[in-house]
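The values are calculated or read from the model by the stated rules, or taken from the named source; none is laboratory data. As the structure is a computational prediction, the values presented were derived from the model and not from experiment. FYI the Cβ positions are ideal-geometry reconstructions off the backbone, even for glycines, and counts take in every protein chain you see. For accessibility, only protein heavy atoms count, side chains too; no ligands or nucleic acids. Shrake-Rupley method; radii C 1.70, N 1.55, O 1.52, S 1.80 Å.
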Amino acid sequence: MDYFPEGVVDPATIADCSDVSYNYGNYRDYFDGVLEYEDGRFHIYLNTHGAFEPSIPRMRFTFAHELGHYFIDEHRNALKKGKSLHTSFYKLQRKNIVELEADFFASCLLMPEVRFKELATSKKFDFSLVELLKNSFQTSISATLFRMIELDTYPFMVVVSEANRIKYHWRTEDFPYKYFVEHGTGKLPVLTAAGDFFNHGEEYADTEEVEVSGWFNSYKDDYRGITLYEKCIYQTSLGRVISILWQ
Ligand SMILES: [Zn+2]
């Protein structure tokens, strides 16, 4: 799909060029978005509840996700037969395969592989690169990080923690560390920048240098004296910290 060779991908333009109508409305907290088939036509309802404007990354992702249900043949055909797919809620991770497929579609649509890789490898990896990508593609921090992992643009890891526990983690194939210090318990390792938030309420504005052994264990390698970078993003309203780890 090459509607936007240079600029930011706009899901509304794609809907306009296809046979899908859409509208924004306040549907309280029933759903973020939903694609419906009615009277031989497809329509996407997008929920503005919670002051979600069409231009914000989350709304763009929801719109792209619903387009995924339209453009993926199995999804569209199921809807045409009167089957219901879901009502879509935006979450960091979903298990339903239909949802994962639509998320993957959205990710590829909003962050086209060639352009994304080109920009992601245009400068040295650090948090400013993540921000550059996020701003260039108008995507959320988590969607951007997820795409960077998917396309393996640099060895790094993302750890999402809540209530002093590791909720999710994703790593590129080539990130050299694998087993957390509290491996198996789900507890967030204490001697980490994220750990400082949950244990001492400390927030770091900058990237911190932390000991590899603070985060990871190994039975065969000696991590003494080796450090890595940790950048924390504090989503305090959700009680969540996202740690980006790299060397
Ligand atoms: Zn969905």
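Could you work out how far helix 141-150 tilts from the main Cα principal axis of the chain, as a 0 to 90 degree angle to the nearest 10? Its long axis makes an angle of about 80 degrees. Solvent-accessible surface (1.4 Å probe) assigned to Ile97 amounts to roughly 110 Å². For the stretch 1-86, the C-alpha radius of gyration divided by 2.2 N^0.38 Å, with N the number of residues, is 1.08.
Normalised per residue, the accessible area of the chain is 52 Å², obtained with a 1.4 Å probe and no contribution from ligands, DNA or RNA. Computed from Cα atoms, the angle from the helix 127-137 axis to the main principal axis of the chain rounds to 0 degrees.
Residue order by solvent-accessible surface for Ser161, Ser128, Ser142 is Ser128, Ser142, Ser161, largest first, with ligands and nucleic acids left out and a 1.4 Å probe. Taking square-rooted eigenvalues a ≥ b ≥ c of the alpha carbon gyration tensor, is the chain rounded, prolate or oblate, where a/c under 1.5 means rounded and, failing that, a/b exceeding b/c means prolate? Prolate is the answer for the chain, as a/c is 1.5 or above and a/b outweighs b/c. Note on Leu110: accessible area approximately 0 square angstrom, rounded to 10, probe 1.4 Å, nucleic acids and ligands left out. Using the Cβ-Cβ distance between Leu119 and Thr13 with R0 set to 30 Å, the FRET efficiency works out to roughly 0.90. Using just its DSSP H runs of length 4 or more, each adding -39500 (n - 2.57), the chain gives a mean residue ellipticity at 222 nm of -10000 deg cm²/dmol after division by all residues. In this view, the solvent-accessible surface of Val114, computed with a 1.4 Å probe and all protein chains in place, comes to about 110 Å². Across the stretch 193-209, rounded Karplus estimates of 3J(HN,Hα) from the backbone phi angles (6.51 cos²θ - 1.76 cosθ + 1.60, θ = phi - 60°) give 5, 5, x, 4, 5, 6, 8, 10, x, 8, 10, 9, 6, 9, 6, 9, 9 Hz, Gly and Pro being marked x. Taking the longest Cα principal axis of the chain as reference, the axis of helix 97-110 is set at about 90 degrees.
The accessible surface of the chain, taken with every protein chain in place and a 1.4 Å probe, is 50 percent carbon and sulfur.
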